[in-house]
């Protein structure tokens, strides 16, 4: 349909959106040239993880919650163990166990970001239906993406025990610390990955981006030691928020919307917020190491980045940061005397938040004196970002109302993929419907 | 190379892994030097595994609508499996059919790649093997052994 049909209802629907994780649908209804309704409907069935954790031992959380997601299991493990350690009065904010956790997390960032940049998002920018078609015309590009992802996989395998749903994480640290030789064996691959990541930033910087600026409140962690936000920190925002993780529920709420199986997050004052790469970069650009910071500057990212379509550049910059940090952590690595510290249960409440590749992931647990879980709360980034994604869609549709249905659908799907939603995490996710009045 | 794929926590989905293990036990008698791998089936990991590989036999479970327990044969060297490229990055995993197509366009597909699959019935988390697949496993392994012999004689 075209702009000449102004004044009529226009509906565009996609029943199942590709290249996002999980099952969801999008519905957009246009009334003349105005966007009347936008719904991101997550219809994948709820999985009830919070309920099934009740009654389990506090030591089981990293292994149970890792199963929520195959691409960001480390985020679940890290948020959960930090929450349990806080409940038990243990802080592992620095030292070799923290370094090893950060190294594992770098593996997840590399793996997840490479997957999203190359396999899920790049086909949108280059005009291919999928990665295989893209790979047919650009084999070197595809190989680079796969090799980057494989470097992340390798790091996950060596530190985490396996690349999907790692099994080496425990409350208090790790079951086994890798040897120096095991980690050093990854150096060549990671150094090549760092080069690939550098090339990736240059490549994505040259893509074409729709001109969209979103004025949403950006929320990320701030690392107290000045590191780029990954594994711990206070919650800060572009709106001036600066609170400990334990204050999450005072500042944010989750609410049910009738058309979705995932809860939607919002600021307690009613505002919409966004977590993830744009938020991290905008709030912590100065924490990037020189290589990543210079690459970002060369790519045209200075100060803030509020164009969701440019999240692909930020992901590339973060991949470079993760590769650079991983190399440095391995070069400095000395195996700890013990891979874990004892964590004795006590009755209490603990909170943990870390930065999953697609945004902040918050966990809260209440346990009794024997460490049995009484209550669990898990707030994944896709739930938190759902409202911001709907508002993005509204802005994108309004800016592209003259497009025909197929082109509009494509740009809408791309707008959703800007946020690398993980519907499986939010309870899983996508179908797209656009109606025009 | 033999690659058994699947997830043993999902009933019949683990049939490829079970078949690979049984085939591994039979290998010494056949005197065929052959690597046997067990794999989740995650696509980019398969591409990594296939780098430099010779003739490859992939053992998996399938859901095609055939009667449960049926052993199916696909010659991936000569064309795409059903589903083909569509499964590449539809979510956060690359399916086997898509991994094969990706390997093909990137010239990473082993020179001869045969997929043998047993039609499954139960794939839910926590399921046991269905009677049809449990009963058909020996036939599946026998077929795999014959396929291996054919691959070795050609390679």
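The values are calculated or read from the model by the stated rules, or taken from the named source; none is laboratory data. This structure is a prediction, so every number in the text was calculated from the model and none was measured. Positions of Cβ are backbone-derived with ideal geometry, glycine not excepted, and every protein chain shown enters the neighbour counts.
Just a few scattered comments:
- Any hit, region A:89-99, residues being away from every other protein chain (no Cβ under 14 Å), touching a helix residue (DSSP H, G or I) at 6+ places or on another chain (Cβ under 7 Å) and either in contact (Cβ under 8 Å) with a residue 60 or more places away in the chain or within 18 Å of residue A:70 (Cα to Cα) (or both): yes
- Candidates are the residues of region A:44-89 that are in a loop (DSSP other than H, G, I, E, B) and buried (at least 18 other Cβ atoms within 10 Å of the Cβ); the one that is modelled with the lowest pLDDT is A:44.
- Pairs are defined by a Cβ separation below 8 Å, a sequence spacing of at least 6 or placement on different chains, a first member in region B:106-120 that is without any contact (Cβ under 8 Å) to a residue 12 or more places away in the chain, and a second member that is outside any loop (DSSP other than H, G, I, E, B); the pairs so defined are B:107/A:139.
- Of all the residues in region A:143-168, those that are more than 11 Å from chain B (Cβ to nearest Cβ) and in a loop (DSSP other than H, G, I, E, B) number 4.
- Hits in region B:70-111 - residues which are within 7 Å of chain A (Cβ to nearest Cβ) and either closer than 17 Å to residue B:2 by Cα or modelled with pLDDT of 90 or more (or both): B:101, B:102, B:105, B:106
- Test: residue A:398 is modelled with pLDDT under 90 and out of contact with any helix residue (DSSP H, G or I) (no Cβ under 9 Å at 6 or more places or on another chain): yes
- Breaking point among (1) modelled with pLDDT under 95; (2) touching a strand residue (DSSP E or B) at 6+ places or on another chain (Cβ under 8 Å); (3) surrounded by 14 or more Cβ atoms within 10 Å (Cβ to Cβ); (4) more than 14 Å from chain A (Cβ to nearest Cβ), for residue B:64: (3)
- Matching option when the condition is touching a strand residue (DSSP E or B) at 6+ places or on another chain (Cβ under 9 Å) and surrounded by 17 or more Cβ atoms within 10 Å (Cβ to Cβ), among A:233, A:271: A:233
- Matching residues in region A:200-215 - criterion: being modelled with pLDDT of 95 or more and crowded, with 16+ Cβ neighbours inside 10 Å: A:200, A:201, A:203, A:204, A:205
- Residue that is nearest to residue A:381 (Cα to Cα) [pool: residues in region A:217-261 that are touching a helix residue (DSSP H, G or I) at 6+ places or on another chain (Cβ under 9 Å) and at pLDDT below 95]: A:254
- Residue within region A:398-411 that is within 22 Å of the chain's Cα centre (by Cα) and either free of Cβ contacts under 8 Å to residues at least 60 places away in the same chain or buried (at least 22 other Cβ atoms within 10 Å of the Cβ) (or both) present: no
- Within region B:35-59, residues that are without any contact (Cβ under 8 Å) to a residue 12 or more places away in the chain have Cβ atoms under 7 Å from residues that are assigned to a helix (DSSP H, G or I) and buried (at least 17 other Cβ atoms within 10 Å of the Cβ) in these pairs: B:45/A:153; B:48/A:150, counting only partners at least 6 apart in sequence or on another chain.
- Taking (1) under 30 Å from residue A:174 (Cα atoms); (2) modelled with pLDDT of 85 or more; (3) touching a strand residue (DSSP E or B) at 6+ places or on another chain (Cβ under 8 Å) in turn, residue A:31 satisfies each apart from (1).
- Close pairs (9 angstrom Cβ cut-off, 6 or more residues apart or separate chains): more than 16 Å from residue A:315 (Cα to Cα) in region A:200-212, assigned to a loop (DSSP other than H, G, I, E, B) anywhere: A:210/A:307; A:210/A:400; A:211/A:307; A:212/A:306; A:212/A:307
- Scan region A:167-194 for residues that are under 23 Å from the mean Cα position of the chain (by Cα) and over 27 Å from residue A:85 (Cβ atoms) and the total you get is 3.
- In region A:154-182, residue farthest from residue B:100 (Cα to Cα) [restricted to those that are buried (at least 22 other Cβ atoms within 10 Å of the Cβ) and at pLDDT below 95]: A:166
- Filter result for residue A:322 (closer than 22 Å to residue A:202 by Cα and part of a helix (DSSP H, G or I)): yes
Yes/no per residue for (1) assigned to a helix (DSSP H, G or I); (2) over 30 Å from residue A:38 (Cα atoms):
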{"site": "A:335", "(1), (2)": "no, yes"}
{"site": "A:338", "(1), (2)": "no, yes"}
{"site": "A:345", "(1), (2)": "no, yes"}
{"site": "A:351", "(1), (2)": "no, yes"}
{"site": "A:363", "(1), (2)": "no, no"}
{"site": "A:373", "(1), (2)": "no, yes"}
{"site": "A:377", "(1), (2)": "no, no"}
{"site": "A:390", "(1), (2)": "yes, no"}
{"site": "A:395", "(1), (2)": "yes, no"}
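- In summary, residue A:355 fulfils each of the numbered conditions (1) closer than 30 Å to residue A:270 by Cα; (2) at pLDDT 95 or above; (3) more than 22 Å from the chain's Cα centre (by Cα) with the single exception of condition (3).
- Being free of Cβ contacts under 8 Å to residues at least 40 places away in the same chain and closer than 24 Å to residue A:93 by Cβ holds for only one residue in A:250, A:182, A:195, and it is A:250.
- Note on region B:21-49: among residues that are under 21 Å from residue B:98 (Cβ atoms) and under 13 Å from the mean Cα position of the chain (by Cα), the one that is farthest from the other protein chains (Cβ to nearest Cβ) is B:37.
- Qualifying position, being in contact with a helix residue (DSSP H, G or I) (Cβ under 6 Å, 6 or more places away or on another chain) and free of Cβ contacts under 8 Å to residues at least 12 places away in the same chain, among A:152, A:145, A:136, A:130: A:136
- Of the listed requirements (1) away from chain B (no Cβ under 14 Å); (2) on the phi < 0 side of the Ramachandran plot; (3) touching a residue at least 60 places away in the same chain (Cβ under 8 Å), residue A:121 misses just one: (1).
- Test: residue in region A:413-422 that is touching a strand residue (DSSP E or B) at 6+ places or on another chain (Cβ under 6 Å), crowded, with 24+ Cβ neighbours inside 10 Å and modelled with pLDDT under 90: yes
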